[in-house]
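No value in this document is a laboratory result; all are computed from the given coordinates. For clarity, every value in this text was computed on a predicted model and none was experimentally measured. Positions of Cβ are backbone-derived with ideal geometry, glycine not excepted, and every protein chain shown enters the neighbour counts.
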Amino acid sequence: MSLPAFITSEQVAGVIGLPDAGAFLRIRPRLERENLFPLPMPTSRRPMRWRHDEVAAWVDRMGRSTGPEIDPDDIATGRVVMLQMSRTA
């Protein structure tokens, strides 16, 4: 099944290799600031939506087939335990 042109935070999380929308939304500001992650489409409606092609291009530019680099501080606080566990399984 192909994704639509515009995807939700839950779908973005899946594309970049995070477990859920909450995990993505927690690191979204850092991804935008430090890794030039695409901004959501300008709209007054919720939920926010991103262009699927822009997110996929970002993944390609970053050279990753899974999520972004994990900050060791996030691991220490338990915020990304499931992601880290999935990478070592």
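Results, tabulated for the structure shown:
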item: Difference of contour (0.36 nm per residue) and Cα-Cα distance, Leu36 to Arg61; result: 8.0 nm
item: Burial order of peptide ranges 49-59, 32-42 (average beta-carbon count within 10 Å, highest first); result: 49-59, 32-42
item: Dipole magnitude of segment 1-59 about its Cα centre (Cβ charges: Lys, Arg +1; Asp, Glu -1), debye to nearest 20; result: 240
